[in-house]
């Protein structure tokens, strides 16, 4: 951890000369002072935010089958996909860790310097600091859903991840409890909202946080904490502000996860690494959830390969989404159902699927679920989350917070099993992280 701190401090002191706003002082060091310089620092934080972690958890789910031993990805990814987290394979892809803290350190420096930033009439200081708080909250949230036990009343005092809220080269980084991590996440969310000025970022800056993305973020955090009322309130507040969904029945419709789509609220993260997209076939279990002829998502999300369907999502640089309205509708529907607002949950789901299914099939689906009670709707919403959010990194988190189901994957010669409630639903810290911070093994 300290190695990372030193590298970030050096980066802050010696920012790249490609940043044309900087003037190098006589001793060759550059210390951000002006708002425009801190905006560049915040932009660097966005640029360095990890996105490979979405793929490393997706391959562990039931959404994908295993890659071939002859594929390019075999040595780097196969052990992750079969939950062999103790593999001694030196070529194995590590789970993202340091990258989150690097981004947090950018945010920490901006937050610490808030009162000292010089206004140069180019950027709002308040907005920059708001985004720094939001980034710190989001990075901690992503990590706690990888490296800590799933949130529940029984796990609140379990050890989770180290919290980083100050830059201090002498600081030790013990693991905070799950309760402490979520308290910090909410503290940072509140600090971000107090300062956030921009309601929705323009297209070219949609990777940045905004008032609307904070509502989506709050709804997601609340859902994962099973705080159904707050999840419902935040999600429906955002739906009232921007109810638009990408209508896939419209000719030439963009994918709903394209950053130019009407429903993308924030587009910070990619969700599929090209190795995973090219080498891991889509599972029959996932494919079987779709009506392939009448669900407009099927041909958009998948493509036929040699003997199997492959991932089509994330095939262009424009296809990146962190928060989008499809998820927000699903969050609202799930929360409404848990609050026993069954008819409202059905209506929220219907609004989403009307933009995804051919009209005649949509009508038949409405007839199918009309008589459903709460138990049937729990499964229906879970299935719809898989259909809508397939391969975007949600499935692993959804499994963790709900059933932690048994998953079985096979090759021609071997079968691999993740048992129900398996301890491997919580990721092990990377070896490199433990080497830098022995506190992680406490």
Residue list for the range 195-211, filter: buried (at least 17 other Cβ atoms within 10 Å of the Cβ), closer than 15 Å to residue 241 by Cα and touching a residue at least 60 places away in the same chain (Cβ under 8 Å): 198, 201
Test: residue in the range 76-91 that is buried (at least 22 other Cβ atoms within 10 Å of the Cβ), closer than 12 Å to residue 42 by Cβ and modelled with pLDDT of 95 or more: no
Elements of type helices (runs of 4 or more DSSP H) contained in the range 71-159, each with 3 or more residues being more than 23 Å from residue 415 (Cα to Cα): 98-112, 125-147
Among (1) surrounded by fewer than 17 Cβ atoms within 10 Å (Cβ to Cβ); (2) under 22 Å from residue 143 (Cα atoms); (3) touching a strand residue (DSSP E or B) at 6+ places or on another chain (Cβ under 9 Å), the one test that residue 403 misses: (3)
So residue 282, is it within 26 Å of residue 123 (Cα to Cα), at pLDDT 95 or above and touching a strand residue (DSSP E or B) at 6+ places or on another chain (Cβ under 6 Å): no
The range 334-392: number of residues that are crowded, with 16+ Cβ neighbours inside 10 Å and on the phi > 0 side of the Ramachandran plot: 1
Which numbered condition residue 95 misses (of (1) surrounded by 16 or more Cβ atoms within 10 Å (Cβ to Cβ); (2) at positive phi; (3) at pLDDT below 95): (2)
Residues that are in a loop (DSSP other than H, G, I, E, B) and closer than 20 Å to residue 43 by Cβ, drawn from the range 200-234: 200, 201, 202, 206, 207, 208, 209, 210
Identity of the residue in the range 242-292, free of Cβ contacts under 8 Å to residues at least 60 places away in the same chain, part of a helix (DSSP H, G or I) and crowded, with 16+ Cβ neighbours inside 10 Å, that ends up farthest from the chain's Cα centre (by Cα): 287
Counted residues, the range 29-61 - those being within 23 Å of residue 75 (Cβ to Cβ) and touching a strand residue (DSSP E or B) at 6+ places or on another chain (Cβ under 9 Å): 3
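The values are calculated or read from the model by the stated rules, or taken from the named source; none is laboratory data. No experiment lies behind these values; they were computed from the predicted model shown. Cβ atoms come from the backbone with ideal geometry, glycine included; neighbour counts cover every protein chain shown.
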